[in-house]
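I have a structure here, written as structure tokens, and I will follow up with some questions on it.
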Amino acid sequence: ILYLEGEDKKEIIIPKQPLTSIKKTGDKERIVILGTGWASLAFINNIDLDKYEVIVVSPRNYFLFTPMLTAATVGSVEVRSITEPIRRILKRLSKCGSQFIEAECIDIVYNDNYIIIKDASTDYPGAVTSFPHVEIPYDKLVIAVGSMPNTMGTKGVTENCLFLKEAGDARKIRTKIMDCFERANYPGISEIEQRNALHFLIVGAGPTGVEAAGEIYDYIYDDLAKIFPKEIIAKCQISLIQSAEHLLNTYDKKIIDYTEKEFQRSNINALFSSRVTEVQPRKIVVVSKIDKRSYEIPFGMALWCTGVGPRPLTQKFCDSIPEQSNNRAISTDVYLRAIGVPKKNVYAIGDCSTVTQQKLLDHLKEMFKEADENGDDKLSIDELLHLVKNNIQRYPQLEPFVNRLPQEFAEFDVNKDNFLQFDEFQHLIEKIDSNLTTLPATAQVANQMGIYLAKTMNNMTKDPSQDYLDQKIQPFRYKHLGSFAYIGHHNAVADIPGKFSGGGFGVWWAWRAIYLEKQFSLKNKFLVSLDWSKTILFGRDISR
Ligand code: FAD
Ligand code: MG
Ligand code: MG
Ligand code: MG
Ligand code: MG
């Protein structure tokens, strides 16, 4: 029932309709892709649009360059300089055949090959009642819905903390910082209250938390210090709370030491081995893992930067499939196909997915039997080589091992008889399996997954009954190119495997050059450079 305004509040009855469905028009296979983040954009940029009809569904009609979102919170760059409208991207790629629908996918009916979407507009009155749910049938579905901040069930986080994940968060943080400064400057406010208002607390000292601390530091001491009274600036404090024993704890030890030293020099507080148990409107409760006591820490602004968890759709999808036991992400095989979908036409990439790699150890006996071609219960180096060559596609962990085969063979042939006995073979396999690690939730992984999946689909023969191995399709392999983090004060750290690990002013320049290069379009590159020049010349924008 709808009430129309203008006319005399007339009542009209909408007949109950079946769900609208977006029918296929041409004979191209249709790929529906969920999301407009890193994984989907890499996919869209590489998929052959002459071969497939592509429909992109996302509640967000733009791509966001997340590695610079932290810089946007304090206005070192503008948010709009690091976003790119998806419609513009699609238009650039194709004249026809592909389309974008701004909507949220709320259900995946994988047994019948369709999804259900819901209108996602927030500023369109009546949209929820006038735009009913719609079905979109697909031939292939790519799930790339990313993740969302994870409060880990901690009380009061949603109500009292800010997050740093979406474009809108940057604006909220900037406004909040200004609020804290203006409150501290209010006449008659006590010194204690001033200090509390100017306490900027960051929970989680991974790359995002560390970068946020660095950017807020710059904002306060480069820009706000020029316009607020000295007494106010003197009362500012930035603190990081970390449950592990170090900040950036997944990085190289050299970088950890460097960053911790730099933070000490900048007087950025770091509280280690501390777990947040509750957040109240103006204070946080932490329990120290060392003395097991709980402490209350007042703050002006608290930023929650600790970890990500699954979106409701990811959770719902996993719950509907018995084989999906990992409840944080969609488990896929090495070809990025969601495990447990009988038709094998649903893929998951980026933060919402995790690749399940098969362990060789689970098939140890069969492997040994397969390898032992002459049946003498031991393996010669040639037999081992055959085994590796025959299985390298199915087990990517064998790949780095191929070139070192003779050395490894010699090392594991403990009794030096030039053969591997079963127990020697087992030890070797254990070592090879230890190369398997879960991939981090980063843009770098999401990007490589998107490119891989698009290229795989471009080369796929149409007959779906054909096995991947028969089609000579390679499994997904991640190549880690290194990680950067900005730590404030024109200083950045970099961890590039086998090449460089450390920090400094030079690294900061490299960081800038690389991130500029990685911008989505020429327009973004131009805008980001302009923002940087503007910051150097006039300082950051200090309005709310
Ligand atoms: P996202 O990029 O998050 O995209 C998910 C998309 O799905 C969004 O468009 C979303 O609107 C859409 N969506 C959500 N729900 C639905 C639904 N129901 N239906 C349809 N669409 C939906 N990584 C790095 O490698 N280097 C960095 O320096 C780095 N810095 C970061 C800094 C910050 C502040 C943050 C937050 C992250 C950073 N990351 C970085 C991590 C990186 O952003 C993520 O790993 C990456 O965005 C994952 O890509 P994705 O495509 O899986 O998800
Ligand atoms: Mg994506
Ligand atoms: Mg993104
Ligand atoms: Mg043998
Ligand atoms: Mg031996």
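The values are calculated or read from the model by the stated rules, or taken from the named source; none is laboratory data. These figures come from a predicted structure and were not determined experimentally. Note that each Cβ is placed from the backbone with ideal geometry, even for glycine, and that neighbours are counted across all protein chains shown. Accessible surface areas use protein heavy atoms only, side chains included; no ligands, DNA or RNA. Shrake-Rupley method; radii C 1.70, N 1.55, O 1.52, S 1.80 Å.
Residues of the stretch 130-189 being over 28 Å from Pro67 (Cβ atoms) and crowded, with 20+ Cβ neighbours inside 10 Å, which ones?
At the first step, the residues of the stretch 130-189 found to be over 28 Å from Pro67 (Cβ atoms) are 130-140, 153, 155-156, 159, 182-189.
Hits for the stretch 130-189 are Ile136, Tyr138, Lys140, Ala184.
In the stretch 427-449, what residues are open to solvent by less than 60 Å² (accessible area, probe 1.4 Å), part of a helix (DSSP H, G or I) and away from ligand 2 (no atom under 16 Å from the Cβ)?
Leu428, Ile429, Ile432, Asp433
Let me confirm something: among Ser353, Ser380, which residue is within 16 Å of ligand 5 (Cβ to nearest atom), hydroxyl-bearing (Ser, Thr, Tyr) and buried (at least 16 other Cβ atoms within 10 Å of the Cβ)?
Numbers: Ser353 fails: within 16 Å of ligand 5 (Cβ to nearest atom).
It is Ser380.
Here's another thing I want to ask about it. For the stretch 194-210, indicate whether the set of residues that are open to solvent by 60 Å² or more (accessible area, probe 1.4 Å), more than 16 Å from ligand 4 (Cβ to nearest atom) and over 28 Å from Ser81 (Cβ atoms) is non-empty.
Yes, that holds for at least one residue.
Could I ask something else about it? Does Ala371 satisfy the condition of being small (Gly, Ala, Ser), more than 16 Å from ligand 2 (Cβ to nearest atom), at pLDDT 90 or above and surrounded by 14 or more Cβ atoms within 10 Å (Cβ to Cβ)? Talk me through it step by step, then tell me what you get.
Numbers: small (Gly, Ala, Ser): yes; more than 16 Å from ligand 2 (Cβ to nearest atom): yes; at pLDDT 90 or above: yes; surrounded by 14 or more Cβ atoms within 10 Å (Cβ to Cβ): yes.
Spelling it out, Ala371 is indeed small (Gly, Ala, Ser), more than 16 Å from ligand 2 (Cβ to nearest atom), at pLDDT 90 or above and surrounded by 14 or more Cβ atoms within 10 Å (Cβ to Cβ).
Additional query: Is it true that Val308 is of a type outside the set (Gly, Ala, Ser), within 16 Å of ligand 3 (Cβ to nearest atom) and under 24 Å from Arg477 (Cβ atoms)?
On the way: of a type outside the set (Gly, Ala, Ser): yes; within 16 Å of ligand 3 (Cβ to nearest atom): yes; under 24 Å from Arg477 (Cβ atoms): yes.
The answer is yes for Val308.
List the residue pairs whose Cβ atoms are under 9 Å apart, where the first residue sits in the stretch 59-81 and is under 18 Å from Leu303 (Cβ atoms), the second is within 16 Å of ligand 5 (Cβ to nearest atom), and the two are 6 or more positions apart or on different chains.
none
Scan the stretch 261-274 residue by residue and report those that are open to solvent by 20 Å² or more (accessible area, probe 1.4 Å) and within 25 Å of the chain's Cα centre (by Cα). Lay out the reasoning, then the answer.
Within the stretch 261-274, the subset open to solvent by 20 Å² or more (accessible area, probe 1.4 Å) is 261-262, 264-267, 269-272.
Passing the criteria: Ala270, Phe272.
I need the full set of residues from the stretch 409-425 which are in contact with a helix residue (DSSP H, G or I) (Cβ under 8 Å, 6 or more places away or on another chain) and buried (at least 17 other Cβ atoms within 10 Å of the Cβ), in order please. Let's see the steps before the verdict.
Within the stretch 409-425, the first condition is being in contact with a helix residue (DSSP H, G or I) (Cβ under 8 Å, 6 or more places away or on another chain), and the residues that meet it are 409, 412-415, 418, 420, 422, 424-425.
Selection gives Phe409, Phe412, Asp413, Leu420, Glu424, Phe425.
Yes or no: Pro475 part of a loop (DSSP other than H, G, I, E, B), within 16 Å of ligand 2 (Cβ to nearest atom) and not assigned by TED's automatic domain parsing to the domain that holds Lys343? I'd like the intermediate steps shown before the answer.
Details: part of a loop (DSSP other than H, G, I, E, B): yes; within 16 Å of ligand 2 (Cβ to nearest atom): no; not assigned by TED's automatic domain parsing to the domain that holds Lys343: yes.
Answer is no for this residue.
A further question follows. Might you check whether a residue that is basic (Lys, Arg), touching a helix residue (DSSP H, G or I) at 6+ places or on another chain (Cβ under 8 Å) and assigned to a helix (DSSP H, G or I) occurs anywhere in the stretch 526-542? Let's see the steps before the verdict.
Just the residues of the stretch 526-542 that are basic (Lys, Arg), to begin with: 534, 540.
Narrowing the set further to residues that are touching a helix residue (DSSP H, G or I) at 6+ places or on another chain (Cβ under 8 Å) leaves 540.
Retained after the next criterion (residues that are assigned to a helix (DSSP H, G or I)): none.
Checking the stretch 526-542: not a single residue is basic (Lys, Arg), touching a helix residue (DSSP H, G or I) at 6+ places or on another chain (Cβ under 8 Å) and assigned to a helix (DSSP H, G or I).
If a residue has to be assigned to a strand (DSSP E or B), touching a residue at least 24 places away in the same chain (Cβ under 8 Å) and over 17 Å from Leu162 (Cα atoms) to count, how many in the stretch 269-297 make the cut?
Looking only at that region, the number is 6.
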